[in-house]
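Written out below as structure tokens is the structure these notes cover.
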Amino acid sequence: MTDDAAPNLTSGDLSFLKSLVSEGPKAQATAGQVFLTAGLLYGVQCLLNWLGVAFQFNWSPPVWLLIGFGPTALFLLALAVIIWRDRHNRVQGVAARALNATYTSAGLANLFVVAIFGYNAMQEKSMTLWLLYPAVICVFQGAVWYVAWVIRRKLWLAAISAGWFLTSLALGALIHNAPAYLLVLSVALIVLMGGGGWYMQRTAQK
């Protein structure tokens, strides 16, 4: 390497480091809104299921149907609005693209996992097998937030990752205790996913 190459190498390094953070706030704000929406909707869904199981509420079938499918319908609607609103915000930074790819791959993995667990739970007529699905999803969430921590090196990201891993262990231990299982999952969704999304938005605005 010649001396003439040194200034170019330094300039390239600075450009690379700049790309790591230049697109962070936009991607972080969008992801935060998605996580906040999903955490609140599905957290409330689990909370309503917990109330029905723990206190044996005699809700009508239409109410149970609304609890079962309403949050997903609302989330898909909110997701469509967020994607349409931010359609011109291209994610170009290296770190932002890496995080976006991680979140997207985890979402795709969730679709296949729910299909596998759902199909086999119906075939075996096993509620226990179906209840393993949320525990596995919590492991995915822990892995995604761990990758975010490795890239961003923010302590709160590590805390959320640890929270998801601990939640997966708790769900595995409570799989035969439906009320406790639903309550733990509800708290995790609201605090870890919803709260994490809210804080992600807040830091992006700063």
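Could you check, for the range 102-114, whether at least one of its residues is surrounded by 15 or more Cβ atoms within 10 Å (Cβ to Cβ), among the hydrophobic types (A, V, I, L, M, F, W, C), within 23 Å of residue 200 (Cα to Cα) and at pLDDT 85 or above? For the range 102-114, residues surrounded by 15 or more Cβ atoms within 10 Å (Cβ to Cβ), among the hydrophobic types (A, V, I, L, M, F, W, C), within 23 Å of residue 200 (Cα to Cα) and at pLDDT 85 or above: absent. Just to verify a result, which residue in the range 82-101, among those that are in a helix (DSSP H, G or I) and modelled with pLDDT of 70 or more, is surrounded by the most Cβ atoms within 10 Å (Cβ to Cβ)? So, considering only residues that are in a helix (DSSP H, G or I) and modelled with pLDDT of 70 or more, the one surrounded by the most Cβ atoms within 10 Å (Cβ to Cβ) is 82. Among the residues of the range 120-154, those identified as over 22 Å from residue 169 (Cβ atoms) and surrounded by fewer than 16 Cβ atoms within 10 Å (Cβ to Cβ) are 120, 122, 123, 124, 125, 153, 154. If only residues of the range 17-60 that are outside any helix (DSSP H, G or I) and surrounded by 13 or more Cβ atoms within 10 Å (Cβ to Cβ) are counted, the one that is modelled with the highest pLDDT is 59. The condition of being within 22 Å of residue 39 (Cα to Cα) and either at pLDDT 85 or above or open to solvent by 60 Å² or more (accessible area, probe 1.4 Å) (or both) does not hold for residue 117. Restricting 14, 79 to residues that are modelled with pLDDT under 65, in a helix (DSSP H, G or I) and out of contact with any strand residue (DSSP E or B) (no Cβ under 9 Å at 6 or more places or on another chain) narrows the list to 14.
The values are calculated or read from the model by the stated rules, or taken from the named source; none is laboratory data. The model shown is predicted, which means the values in this text are computed figures rather than measured ones. Cβ: placed from backbone, ideal geometry, glycine included. Neighbour counts: every protein chain shown. Please note that ligands, DNA and RNA were not included when accessible areas were found on the heavy atoms of the full protein model with its side chains. Shrake-Rupley method; radii C 1.70, N 1.55, O 1.52, S 1.80 Å.
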